[in-house]
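The values are calculated or read from the model by the stated rules, or taken from the named source; none is laboratory data. All values reported here derive from a predicted model rather than from experimental measurement. Cβ placement follows ideal geometry from the backbone for every residue including glycine, while neighbour counts extend to all protein chains displayed. What goes into the accessible areas is simple: the full protein's heavy atoms, side chains included, and nothing from ligands, DNA or RNA. Shrake-Rupley method; radii C 1.70, N 1.55, O 1.52, S 1.80 Å.
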Amino acid sequence: MKPYSHARWHLYREEVIKLDGACCVRCRRGRADGAVLQVHHKAYVSGRLPWEYPYGDCETLCKGCHAAEHGIAMPKTGWSLFGVDDLGSLCGSCELCGTEIRYIYAVGHPSWGAMGVGTDCCDALTATTDAGEHHANLIKEREKKRRFVDSPKWKVTVAGDMAMIRDRILVQISPYEGHYRLKIGNVQGVMKYPTVLDAKIRAFEFIESGDAAKFIAERRSLIRIVQ
Ligand SMILES: [Zn+2]
Ligand SMILES: [Zn+2]
Ligand SMILES: [Zn+2]
């Protein structure tokens, strides 16, 4: 686990902005006026994470007022990426260009502080392709998940279950008390899923993460011991 938590910064930042009335405390412009809002730390305490400050030590500034506050233009290089967070929808905004974003990359600079930005701004600031590659992998994973869910390999068994074999692991989904249950490698799970789709998504994640294979191998060795 990394010492930095991206989600914490995103939450903290939005809280400061909310407390300041969702606008820049100098010029009073908000996102609706086209202002890009950033959170400025009035003072730094070394070793403290950007969100470990009392709200009073921070203030909401628009990009322009923020640059004026520091007396310098925002540094264009020397930033490092410390985490990425999936907001689940396009509900975030890049602190550099204002674009609506779903994946928020938290970057930091020793003379400026922390910022949450989009993929392109992140790569420009860090002079790497880390965010772009991370994003490309997310999209690849998402497409793989869709192919799994839609796969023609899903068959309906005589018992009325949906079944398919993925990575040599048998996946079965059966209706149960108005919900659905998953059976992986012939082991019945206890979780109930509201829809077949939810069960398929769980199965995909369980197998893709390698946890399903691990689980089955552990079970097999357990059975050998018992026998
Ligand atoms: Zn301002
Ligand atoms: Zn600042
Ligand atoms: Zn941006």
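The residue list VAL171, VAL190 contains one member that is in a strand (DSSP E or B), within 29 Å of the chain's Cα centre (by Cα) and free of Cβ contacts under 8 Å to residues at least 24 places away in the same chain, which is VAL190.
Among the residues of region 42-52, not one is touching a strand residue (DSSP E or B) at 6+ places or on another chain (Cβ under 6 Å) and either modelled with pLDDT of 90 or more or aromatic (Phe, Trp, Tyr) (or both).
Taking region 102-112 as the search range and keeping residues that are touching a helix residue (DSSP H, G or I) at 6+ places or on another chain (Cβ under 8 Å) and away from ligand 2 (no atom under 16 Å from the Cβ), which one is nearest to ALA131 (Cα to Cα)? Going through the qualifying residues, I end up with TYR105. Scanning region 30-38 turns up at least one residue that is open to solvent by less than 50 Å² (accessible area, probe 1.4 Å), part of a loop (DSSP other than H, G, I, E, B), modelled with pLDDT under 95 and of a type in the set (Val, Ile, Thr).
One line per residue, one yes/no per condition, for (1) basic (Lys, Arg); (2) modelled with pLDDT under 90:
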site: ASP85; (1), (2): no, yes
site: LEU90; (1), (2): no, yes
site: ALA136; (1), (2): no, no
site: LYS140; (1), (2): yes, no
site: ASP161; (1), (2): no, no
site: ARG181; (1), (2): yes, no
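Every condition in (1) open to solvent by 10 Å² or more (accessible area, probe 1.4 Å); (2) without any contact (Cβ under 8 Å) to a residue 60 or more places away in the chain; (3) in a helix (DSSP H, G or I) holds for PHE148 except the one numbered (1). Here are the criteria: (1) within 15 Å of ligand 2 (Cβ to nearest atom); (2) farther than 17 Å from VAL107 by Cβ; (3) in contact (Cβ under 8 Å) with a residue 12 or more places away in the chain. Tell me which single one MET74 does not satisfy. With respect to (1) within 15 Å of ligand 2 (Cβ to nearest atom); (2) farther than 17 Å from VAL107 by Cβ; (3) in contact (Cβ under 8 Å) with a residue 12 or more places away in the chain, MET74 is out only on (2). Here ILE169 meets each of (1) closer than 18 Å to GLN188 by Cβ; (2) open to solvent by 60 Å² or more (accessible area, probe 1.4 Å) with one exception, condition (2). Just one of the listed residues (LYS214, LYS200, LYS183) is surrounded by fewer than 17 Cβ atoms within 10 Å (Cβ to Cβ) and within 29 Å of LYS140 (Cα to Cα), and it is LYS214.
Taken as a whole, the condition of being loosely packed, with under 10 Cβ neighbours inside 10 Å, outside the structural domain of TRP112 (by TED's automatic domain parsing) and out of contact with any Cys (no Cβ under 6 Å at 6 or more places or on another chain) applies to GLY160. Being at pLDDT below 95, of a type in the set (S, T, N, Q) and in the same structural domain as ARG220 (by TED's automatic domain parsing) is true of GLN188.
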